Amino acid sequence: PGKLIDVGAGQGRDSLFLADLGYQVTAIDHSVVGLDQIKEKNSTILTHQTDIYDVKYNGYEYILLDSMIHLYKKDFEKETSFLNKIYNDMDKEAKLVLIFQHSKFRVDSITNLNLGVLSHKESFLYQEFKSKFTIMVFTK
């Protein structure tokens, strides 16, 4: 399937699932506790404790941000700058996969960032959170 980085991996819900599907997963997070839990469950996943804002996002076919972008007023500029940084770092043909709690404001704001070609957009009920989420996939 490809080389993927899970940004803000936490305890590895996505990392573990995607590794089981055959992706070469790198999980990054600021918390070593969650990363240690990932390694205990699947030693093939590369883990790095780091500040996600300092990472270079080249060298991956997929960059996943699940529940990392909220676009609250106090974080809007920092998060939109972060998304632009990721896009600028991405290799040609790489895919940026964003999953976030649905709102028209978030969808419109992210769409207006011009993060490449929007190749997929879908809203769905995220059972774990009992809330509507949107997935947007951008290809550079």
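The values are calculated or read from the model by the stated rules, or taken from the named source; none is laboratory data. For clarity, every value in this text was computed on a predicted model and none was experimentally measured. When we count neighbours, we look across all protein chains shown, and the Cβ atoms used for this are built from the backbone with ideal geometry, even at glycine. Keep in mind that these areas ignore ligands, DNA and RNA; they rest on the heavy atoms of the full protein, side chains included. Shrake-Rupley method; radii C 1.70, N 1.55, O 1.52, S 1.80 Å.
Anything over 32 Å Cα to Cα? Flag those among 92/130; 3/121; 39/104, in the order listed.
With Cα atoms farther than 32 Å apart: 92/130; 39/104.
What number, rounded to the nearest 500 deg cm²/dmol, is the helix-based mean residue ellipticity at 222 nm of the chain, given -39500 (n - 2.57) per DSSP H run of at least four residues and division by all its residues?
Values: 4 runs with 40 residues, N = 140.
Value at 222 nm, helices only: -8500 deg cm²/dmol.
Give the peptides 4-17, 50-63, 82-95 in descending order of average Cβ contacts within 10 Å, highest first. Could the numbers behind the result be given before it?
Values: 4-17: 21.7, 50-63: 15.1, 82-95: 16.6.
In descending order of packing, they fall as 4-17, 82-95, 50-63.
Just to verify a number: what accessible area does residue 68 come out at with the full protein assembly present, 1.4 Å probe, Å² rounded to tens?
Approximately 50 Å² for this residue.
For the pair residue 33 and residue 125, what calculated FRET efficiency results from E = 1/(1 + (r/R0)^6), where r is the Cβ-Cβ distance and R0 = 25 Å, to the nearest 0.05?
On the way: r = 29 Å, r/R0 = 1.17.
Computed FRET efficiency for residue 125 and residue 33 comes out at 0.30.
In the neighborhood of residue 64, defined by Cβ-to-Cβ distances under 12 Å, what is the net charge if each Lys or Arg adds +1 and each Asp or Glu adds -1?
Around residue 64, the charge tally is -1.
To the nearest Å, what is the center-to-center distance of the range 25-40 and the range 85-140, using C-alpha atoms only?
One Cα centre to the other: 23 Å.
Which aspartates and glutamates, if any, have their Cα less than 17 Å from the Cα of residue 140, not counting same-chain residues under 8 positions apart?
Correct list for residue 140: 61, 89, 91, 93.
Where nothing but the Cβ of Lys and Arg (+1) and of Asp and Glu (-1) is charged, how large is the charge dipole of the chain around its Cα centre, in debye to the nearest 20? Present the calculation step by step, with values, prior to reporting the outcome.
Values: 17 positive and 19 negative charges, 83 e Å.
Dipole of the chain, to the nearest 20 debye: 400 debye.
Keeping all protein chains in place, calculate the accessible area per residue for the chain (probe 1.4 angstrom), answer in Å².
56 Å²
Between the helical axis of 76-89 and the dominant principal axis of the chain, each derived from Cα atoms, what acute angle in degrees is found, rounded to the nearest 10?
For 76-89 against the chain, the angle is about 60 degrees.
Report the one residue of 82, 71, 58 whose Cα lies farthest in the direction of the positive end of the charge dipole of the range 57-140 (charges on C-beta: Lys and Arg +1, Asp and Glu -1; origin at the Cα centre).
Ranked along the dipole, the leading option is 71.
Contact order normalised by length for the chain, with contacts defined as Cα pairs under 8 Å and 6 or more residues apart; what percent is it? Don't jump to the answer; show the numbers that get you there.
Numbers: 278 pairs, mean separation 27.7, N = 140.
Taking the mean separation of contacting Cα pairs over the length of the chain, I get 20 percent.
Within 12 Å, Cβ to Cβ, of residue 50, how many net charges do the neighbouring residues add up to if Lys/Arg are +1 and Asp/Glu are -1?
On the way: positive: 56; negative: 29, 51, 54.
With Lys, Arg at +1 and Asp, Glu at -1, the neighbours total -2.
Select from 46, 119, 35 the residue farthest towards the positive end of the dipole of the range 1-138; place +1 on Cβ of Lys and Arg, -1 on Cβ of Asp and Glu, and compute about the Cα centre.
119
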